[in-house]
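Worksheet for the structure shown next.
The values are calculated or read from the model by the stated rules, or taken from the named source; none is laboratory data. Remember, it's a predicted structure, so these values are computed and weren't measured experimentally. Because the Cβ atoms are built from the backbone with ideal geometry, glycine has one as well, and the counts that use them run over all protein chains shown.
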Ligand SMILES: *Cc1c(COP(=O)(O)O)cnc(C)c1O
């Protein structure tokens with residue numbers, strides 16, 4: 001995306017506030033919100049040409065609306081892809097990805113640390129339609145390579161993961177996918193294009209839950225896929241037309257405006273998260289801290305390379321405990337002592353959100369599965385917001401000091 005006057009390509013910060021569909025004749029400065037489901041056609045001939053795909057022009061909002069298009073163009077500019085297609089939620093973006101690329105007999109390789117609903121969608125819902133899948137350890141490149149079969153069409157990763165912030169090597173996975181004639185899709189929800197652009201490392205498709213950092217203020221549900229124009233137009237747009245996982249124009253407008261502050265928010269929230277990770281590490285009631293910005297993180301060097309030197313805004317930590325029961329009681333004590341930070345399983349908000357994965361997002365796993373995945377009962381996840389560092393630590397210290 002470049003300056004319309006033909007100057008140098010815009011920097012991402014500029015694209016984040018400037019890329020949109022053209023202004024209306026009224027000259028509005030903030031992007032217009034087109035709350036319309038249908039569009040009046042200039043002639044019967046034009047309507048026929050638009051429906052046949054021979055002419056550009058909006059017809060019906062299930063598959064096209066100028067406000068939604070502004071969000072798609074802006075997000076594509078930030079991710080560095082030719083195109084993007086918006087969806088009603090992050091999960092509907094992943095459904096669109098699967099419906100667009102896969103058919104019975106195909107095989108998907110997926111990280112075992114993916115978002116829970118993604119694992120359910122690919123591992124069980126798609127299995128009903130004859131799509132096979134293999135789940136592999138997030139950071140084990142050899143396991144990804146070994147899982148590939150002649151029928152493999154798609155590799156799907158998420159980095160960093162929820163809640164343990166495991167990082168995978170996007171470039172290595174892209175090589176494995178391409179050698180097998182498959183595509184690599186990366187869920188970029190945690191890092192966002194402010195910190196990480198998966199296509200720069202060889203990924204073919206970027207998956208987003210716009211509900212998280214893209215909106216950034218916890219207001220609306222949204223999702224998107226970013227990819228080459230041919231993939232968007234030939235594989236994903238037909239799914240949108242027939243399946244209708246459309247992003248509402250109002251929600252598109254909210255996320256569009258959210259993108260304007262994405263870089264500022266991610267930089268500020270990441271900087272506070274790094275300070276918080278060090279503060280937690282030094283607290284006597286804390287046994288372990290998971291954060292890619294800490295030198296002891298198993299993929300620290302890779303994360304710094306892939307994420308522009310930033311760890312992101314999500315930190316997870318374990319309270320010190322000798323057994324499962326005590327871990328759960330102590331984690332609950334810390335969460336129940338909060339007076340400022342929000343007890344919420346959402347993430348990517350300007351408000352700091354704290355959650356207990358073992359009893360919420362990962363509550364449907366068995367205790368053995370949780371142990372294997374490292375989701376202990378003492379684990380707390382923090383999505384760091386924009387509050388002052390001292391207020392965040394004061395709120396956490398109340399509970400942590402009581403259990404030390
Ligand atoms: C929340 C989330 C999703 C799903 O997005 P929704 O907008 O809630 O449907 C997918 N991937 C990751 C990593 C998420 O955190």
Among the residues of the stretch 172-187, is any within 10 Å of the ligand (Cβ to nearest atom) and assigned to a loop (DSSP other than H, G, I, E, B)?
-> no
Of the residues that make up the stretch 70-81, is at least one more than 17 Å from residue 260 (Cβ to Cβ), in contact with a strand residue (DSSP E or B) (Cβ under 7 Å, 6 or more places away or on another chain), assigned by TED's automatic domain parsing to the domain that holds residue 235 and modelled with pLDDT of 95 or more?
-> yes
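Kindly indicate which of 194, 203 is away from the ligand (no atom under 14 Å from the Cβ), buried (at least 24 other Cβ atoms within 10 Å of the Cβ) and in a loop (DSSP other than H, G, I, E, B). Walk me through how you get there before you give the answer.
Values: 194 fails: in a loop (DSSP other than H, G, I, E, B).
Of the residues listed, the single one that is away from the ligand (no atom under 14 Å from the Cβ), buried (at least 24 other Cβ atoms within 10 Å of the Cβ) and in a loop (DSSP other than H, G, I, E, B) is 203.
Scan 132, 146, 104 and give me the residue that is more than 14 Å from the ligand (Cβ to nearest atom) and out of contact with any strand residue (DSSP E or B) (no Cβ under 9 Å at 6 or more places or on another chain).
Numbers: 132 fails: out of contact with any strand residue (DSSP E or B) (no Cβ under 9 Å at 6 or more places or on another chain); 146 fails: out of contact with any strand residue (DSSP E or B) (no Cβ under 9 Å at 6 or more places or on another chain).
Answer to the selection: 104.
Mind counting the residues in the stretch 366-386 that are over 20 Å from residue 220 (Cβ atoms) and either free of Cβ contacts under 8 Å to residues at least 24 places away in the same chain or not in a loop (DSSP other than H, G, I, E, B) (or both)? Please lay out each step first, then the result.
Start the filter on the stretch 366-386 by keeping residues that are over 20 Å from residue 220 (Cβ atoms), which leaves 366-382, 384.
Those still in the list that are either free of Cβ contacts under 8 Å to residues at least 24 places away in the same chain or not in a loop (DSSP other than H, G, I, E, B) (or both) too: 366-373, 379-382.
Matching residues across the stretch 366-386 total 12.
Within the stretch 73-101, how many residues are assigned to a helix (DSSP H, G or I) and more than 16 Å from the ligand (Cβ to nearest atom)?
Within the stretch 73-101, the subset assigned to a helix (DSSP H, G or I) is 73-79, 90-101.
Now drop any that are not more than 16 Å from the ligand (Cβ to nearest atom), which leaves 73-74, 76-78, 100-101.
Number of matching residues: 7.
For every residue, the table says whether it meets (1) in contact with a helix residue (DSSP H, G or I) (Cβ under 6 Å, 6 or more places away or on another chain); (2) crowded, with 18+ Cβ neighbours inside 10 Å; (3) within 18 Å of residue 190 (Cβ to Cβ).
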position	(1), (2), (3)
290	no, yes, yes
307	yes, yes, yes
321	yes, yes, no
333	yes, no, no
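For the stretch 213-245, enumerate the residues that are part of a loop (DSSP other than H, G, I, E, B) and crowded, with 23+ Cβ neighbours inside 10 Å.
213, 214, 215, 216, 222
Going by the structure shown, is residue 234 free of Cβ contacts under 8 Å to residues at least 24 places away in the same chain and away from the ligand (no atom under 16 Å from the Cβ)? Write out each step before concluding.
Working: free of Cβ contacts under 8 Å to residues at least 24 places away in the same chain: yes; away from the ligand (no atom under 16 Å from the Cβ): yes.
For residue 234, the condition - free of Cβ contacts under 8 Å to residues at least 24 places away in the same chain and away from the ligand (no atom under 16 Å from the Cβ) - is met.
Residue by residue through the stretch 149-166, note down the ones that are in contact with a strand residue (DSSP E or B) (Cβ under 6 Å, 6 or more places away or on another chain) and in a loop (DSSP other than H, G, I, E, B).
Of all residues in the stretch 149-166, those in contact with a strand residue (DSSP E or B) (Cβ under 6 Å, 6 or more places away or on another chain) come to 149, 151-152, 154-158, 163-165.
Passing the criteria: 149, 151, 163, 164, 165.
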Is it true that some residue in the stretch 110-127 is part of a loop (DSSP other than H, G, I, E, B), modelled with pLDDT of 95 or more and away from the ligand (no atom under 15 Å from the Cβ)?
-> no
